[in-house]
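Just so you know, all these numbers are worked out from the coordinates, no wet-lab data involved. Just so it is clear, the structure is predicted and the values come from calculations on it, not from any experiment. Counting neighbours? That spans all protein chains shown, and the Cβs are built from the backbone with ideal geometry, glycine included.
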Amino acid sequence: MNGFGPIDFAILVVYLAAVTLFGIRAAGRQTTGTDYFLGSRNMPWWAILFSVIATETSTLTFISIPAVAYTGNLTFLQLTFGYILGRVAVAIWLLPSYMDGQQQTVYQHLEQRFDGLTRRAAGAVFMLTRVLADGVRLFATAIPLATLFRFAGVFPGWSDGTIYILAILIIALITLVYTFLGGIKAVIWMDVVQMGVYLGGALIALVLLINAIPMSLQEMIAALQHAGGQVASQAGQVASQAGQAVSQAGQVASQAVQTTTNKLQLFDFGSDLSWSERLASPYVLPVSIVGGALFSVASHGTDQLIVQRLMTAKDLTSSRKALVWSGFLASLQFALFLCIGLMLYLFYTGASADVLNLATTDEIFARYIVDHMPVGLGGLIIAALMAAAMSSLSSSLNALASSTTYDFLKPRMGSDWTDQQEIRMSRGVTLIWGVVLTLSAFLFTWLQLSSGERPAIVELGLGIASYTYGGLLGLFLLARFTEKPSGRDARTGFFLGLMGLLFLVDGPIQRLLPGDPLAIAWPLYTPVGAAIVVFVALIMSRISRGSQMKP
């Protein structure tokens, strides 16, 4: 066990300070709201591409995707095939409406089609989504830092919850510095640097894992195809490589999964499931493709977090290139971290989180980095992860501030602000959202650490976003492809869609229903929610027209 020593800590501190200063310097001088939120609309497409990937996947991918493969298989990758299709659809049908140079937020499009109230309703739901989903993201960013503190013995005797709170505060404070001062340019250029660093670090970790496992490639494939018994039987051989936490081979073998499963399974057609069971299974192929595609249409076509980056491009062609290529790169990135999860499964012989002394399985990769990476390299990878995670948080802060400023404050307080007033207001709102997201992360820390059943953090974050994305996608589909529904019709469908989905989500409200209610998997939240919004709005529109025609 190499441990995480003074050299690694020094690298961590120096690296975080350096990239923060780089982000502020790269941003240049901010003189207007367009500079602060849209980068003067002249960012290169390849930089936007990396920013989109880092914003949507950096934290949860690095932390939780290896845990998904560690406890499951490769079927999560099916979602990414739908992601690609969804981004192509956004590039063709939605992006042209946003790239006219007149919009500061994506929700202005709804005001042009419907009215200001519909715009503000969508903006409010976006904010709620970001507070919840990014509370999960910020909690996820604290996992490796908290793991580092705990296993390096920095704060002996401290509880897991206290260490997580400290880690969240460190990340939030550093992030606020360069987001507050640098705006969207600082966010994008930091993403460019961090994307290369943390993907490079992940590749190095994968190579080191493969070399540390005493198996040939053929033996690894065979063990993964028949996971459980084979891996458990090799516990004595592998335990010597796995560090102190799994030094007792008998204990690990007894904790390893005993049922034989194929961890290399990529496609799941759900042929052995009933229709209701298929709809409740997130990684059955039709659910993954349809749900992934419409989730991507919603996240990259209706969410200010992503659309704001696309609007910083100089023209529509550049924006489209960044969006479409981000789908392919995201799929490759998911595949890389799923492979890391499979190698961790072999390295730790499938041991449970309790055996490895982890608060949650999401800590598995961070534990490996702390315990087994060579001196210096562990510090670099943790630092890269922290910076990439902070760039995701800064993206959320900037997007929330832009929507608050342009969708709510400026329309109500008057549009005759000076450039200096607009910048001051933008930075003040950024600071407020920093506090709100930090408190949200504290909430999810308590929920995750106090819960007996802890879902993978990536599934929790995606599930939260999927729920509200359905309503937003429904609104934008009405705005883009219909002419008859009014703003009132659209808002009625919007809120009924959000309420109706509660009865299809496995939770306390659904359990109140009589009989055996139908529960759907989280990838279907978006398409089902959008369908309810469109259906209700069209019905309301017909009813309104019918009542107007009566004498």
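Below 14 angstrom from the Cβ of SER426, what's the summed charge of the other residues (Lys, Arg +1; Asp, Glu -1)?
So the surrounding residues net to 0.
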Quiz item: How much net charge surrounds SER97 when only the other residues with a Cβ under 11 Å from the Cβ of SER97 are counted, with Lys and Arg +1 and Asp and Glu -1?
Solution: +1
Exercise. Take the cross-link list LYS185/LYS321; LYS314/LYS484; LYS185/LYS410 and give me the ones stretching past 28 Å between alpha-carbons.
Key: LYS314/LYS484
Self-check item: Shape of the stretch 10-91, Cα gyration tensor, a/c cut at 1.5
Solution: oblate
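Please give me, ordered by residue number, the trypsin sites (Lys or Arg not before Pro) of the stretch 7-74 that lie in loop per DSSP and have at most 11 other Cβ atoms within 10 Å.
ARG29
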Practice problem: Under 11 Å from the Cβ of PRO485, count the other residues' Cβ atoms, weight Lys and Arg +1, Asp and Glu -1, and hand me the total. | Solution: +4
Quiz item: Please identify the chymotrypsin sites (Phe, Trp or Tyr not before Pro) of the stretch 263-322 that satisfy two criteria: DSSP loop assignment and at most 11 other Cβ atoms within 10 Å. Which are they?
Solution: PHE269
Quiz item: In the stretch 143-207, which chymotrypsin sites (Phe, Trp or Tyr not before Pro) fall in coil by DSSP and have 16 or fewer other Cβ atoms within 10 Å?
Solution: TRP158
Quiz item: ³J(HN,Hα) across the stretch 305-310 via Karplus (A = 6.51, B = -1.76, C = 1.60, θ = phi - 60°), whole Hz, x for Gly/Pro?
Solution: 4, 8, 4, 4, 5, 5
Quiz prompt | Least to most buried among SER271, SER281 (fewest other Cβ within 10 Å first) | solution = SER271, SER281
Quiz item: Among GLU219, GLU56, which comes first, second and so on when ranked by fewest other beta-carbon atoms within 10 Å?
Solution: GLU219, GLU56
